[in-house]
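Novice: Got a structure here, written out as structure tokens. Questions coming.
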Amino acid sequence: MIRPRAAVERLKKYRPPMEGRSGKLRLDFNENTVGCAPQVVRALRRALTPEMLTRYPEYGESRITLARHFGVKPEELLITNGSDDAIKAICDAFVDPGDVLLVPAPTFPVYEFFHNVAGGAVERVRYDEQFRLPVKSLVTAINKKTRWVALASPNNPTGTEISKPDLRTLLEGAPHVLVLVDEAYFDYSGRTVLPWIRKYENLLVTRTLSKAFGLAALRMGFIFGNPELVELMHRAQNPFQVNSLALLAASIAIQHEGHVKRYAAQVRANRERVYRWLASRGIPYVPSSANFILTRVGERAPEIAQRLRAKGILVRDWSYDPHLKGYLRFTIGSRNQTRRFLEELEKHERLIETRNGTTAWRNFVTYSQTGWFA
Ligand SMILES: Cc1ncc(COP(=O)(O)O)c(C=O)c1O
């Protein structure tokens, strides 16, 4: 048996449930639940010719168009195969074995994943009980070995954002440490620090077309930063990392941003409805700036997720994280999808530990201490 690199040998085997999702109401991956702009599908159909498929992709023109759309210079943008791949690009260019990645916990696990593949070590700073980011602890945790800090804003799975003053403190407190702000859910929050890449040489920002744009299957992501950082990541990138169909879809999708804006507005309205539904039943949740909500349903969370799955509704059970036992995260979709989900959840209400406490309250954060029950 041929041995892998030590870093690969150390990797844990965990993978989220990624198969068998077709035909179900998929509220488990924070995707767009209704679909991309129809113009994108039409353009892809028209473009699918043998001639087009024989050619290797060309990036120059797309880079210019996309950069213009995002309000940056082409040299401030790297196009990646989904934003997962943007995270990999950071690790490929900047992480040596033993380097430290600092992340809040809980957060999107892919930062740690690629950092571990590169042989790096991870330090975590936990959100406090009210799911606020302890920025002071983050700054104090930074030392000589810290190579980068990864912050999703809005964060997955909490849906919370990092405030601009907090981010400034971090960027200015550690000018030699790379800081990634992952804006995968920007289309729902509407808040960005993208223009800051001109101000802070240690800032990288990522975006994706997988979420509100409804193009997760095509894998289209972006990383923004000052031209020197971008050039270093480009140097280490596979020359044909993104396929021509994804490039074409992106160029059409950005022309129909109105579709995304309308969808995001519907999601925000449905999110309010879900808040009211949860609050009226005493089910705690974290107010979210994204298209998903993290709720505490209690120790029978895995069973609730299973029962929903049996009815064709997928949600994400976060109980595998020792600090999030009893938490479910679910995506907010259209009004009808949201109604269907809540109607099904209601059938399992007796399994849910509510604030009013019909079920035992073991291992529960006390609500009097938490500001996040709205
Ligand atoms: C915070 C965050 N960043 C990045 C991604 C990855 O998205 P992509 O499909 O662009 O790789 C996700 C997907 O769940 C996410 O939640």
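Every number here is computed from the coordinates shown, using simple stated rules; none is lab data. Computed from a predicted structure; not experimentally measured. We place every Cβ from the backbone using ideal geometry, glycine too, and count neighbours over all the protein chains shown.
Novice: For the stretch 120-137, name all the residues that are part of a helix (DSSP H, G or I) and out of contact with any helix residue (DSSP H, G or I) (no Cβ under 6 Å at 6 or more places or on another chain). Full working, then the answer.
Specialist: To start, the set of residues in the stretch 120-137 that are part of a helix (DSSP H, G or I) comprises 135-137.
Lys136, Ser137 - these are the residues of the stretch 120-137 that are part of a helix (DSSP H, G or I) and out of contact with any helix residue (DSSP H, G or I) (no Cβ under 6 Å at 6 or more places or on another chain).
Novice: Right, next: Filter the stretch 48-100 down to residues that are surrounded by 17 or more Cβ atoms within 10 Å (Cβ to Cβ) and among the acidic types (Asp, Glu) and give me whichever is farthest from the ligand (Cβ to nearest atom).
Specialist: Going through the qualifying residues, I end up with Asp99.
Novice: Answer yes or no: is there a residue in the stretch 147-155 that is aromatic (Phe, Trp, Tyr), in a helix (DSSP H, G or I) and touching a residue at least 40 places away in the same chain (Cβ under 8 Å). Quick ask: steps written out before the conclusion?
Specialist: Applying the first criterion (aromatic (Phe, Trp, Tyr)) to the stretch 147-155 yields 148.
Now restrict to residues that are in a helix (DSSP H, G or I): none.
No - not one qualifying residue is present in the stretch 147-155.
Novice: Which of the following residues is over 30 Å from Arg339 (Cα atoms), assigned to a helix (DSSP H, G or I) and touching a residue at least 40 places away in the same chain (Cβ under 8 Å): Glu51, Glu75? I'd like the intermediate steps shown before the answer.
Specialist: Details: Glu51 fails: touching a residue at least 40 places away in the same chain (Cβ under 8 Å).
One residue alone meets the criteria, Glu75.
Novice: Please enumerate the residues belonging to the stretch 50-97 that are of a type in the set (Gly, Ala, Ser), under 15 Å from Arg235 (Cβ atoms) and more than 21 Å from the chain's Cα centre (by Cα).
Specialist: Within the stretch 50-97, Ala93 is the sole residue that qualifies.
Novice: Regarding the stretch 117-134, can at least one residue be identified that is charged (D, E, K, R), farther than 15 Å from Asn155 by Cα and in contact (Cβ under 8 Å) with a residue 40 or more places away in the chain? Don't jump to the end; show me each part of the working.
Specialist: Start the filter on the stretch 117-134 by keeping residues that are charged (D, E, K, R), which leaves 123-124, 126, 128-129, 132.
When the remaining residues are screened for being farther than 15 Å from Asn155 by Cα, the result is 123, 129.
Next cut, in contact (Cβ under 8 Å) with a residue 40 or more places away in the chain only: 129.
Within the stretch 117-134 (the criterion being charged (D, E, K, R), farther than 15 Å from Asn155 by Cα and in contact (Cβ under 8 Å) with a residue 40 or more places away in the chain), the answer is yes, since at least one residue qualifies.
Novice: Here is a follow-up. Report the residue count in the stretch 202-255 for those that are within 16 Å of the ligand (Cβ to nearest atom), of a type in the set (Gly, Ala, Ser) and closer than 23 Å to Leu48 by Cα.
Specialist: Residues that pass the stated criteria total 9.
Novice: Mind listing whichever residues of the stretch 247-287 are within 20 Å of the chain's Cα centre (by Cα) and more than 30 Å from Leu66 (Cβ to Cβ)?
Specialist: The answer is Tyr285, Val286, Pro287.
Novice: Applying the selection to the stretch 26-47, what residues are loosely packed, with under 13 Cβ neighbours inside 10 Å and over 30 Å from Arg268 (Cβ atoms)?
Specialist: Scanning the stretch 26-47 gives Arg45, Arg46.
Novice: Also: Can we say Ser153 is within 29 Å of Leu328 (Cα to Cα) and surrounded by fewer than 24 Cβ atoms within 10 Å (Cβ to Cβ)? Reasoning before the result, please.
Specialist: On the way: within 29 Å of Leu328 (Cα to Cα): yes; surrounded by fewer than 24 Cβ atoms within 10 Å (Cβ to Cβ): no.
No; evaluated as a whole, the condition is false for this residue.
Novice: Hey, could you check the stretch 11-47 for residues that are in a helix (DSSP H, G or I) and among the hydrophobic types (A, V, I, L, M, F, W, C) and say which is nearest to the ligand (Cβ to nearest atom)? It would help to see each step written out before you state the result.
Specialist: Taking the stretch 11-47 first, the residues in a helix (DSSP H, G or I) are 38-47.
Retained after the next criterion (residues that are among the hydrophobic types (A, V, I, L, M, F, W, C)): 40-41, 43-44, 47.
Numbers: Val40: 16, Val41: 18, Ala43: 20, Leu44: 18, Ala47: 22 Å.
Top of the filtered list is Val40.
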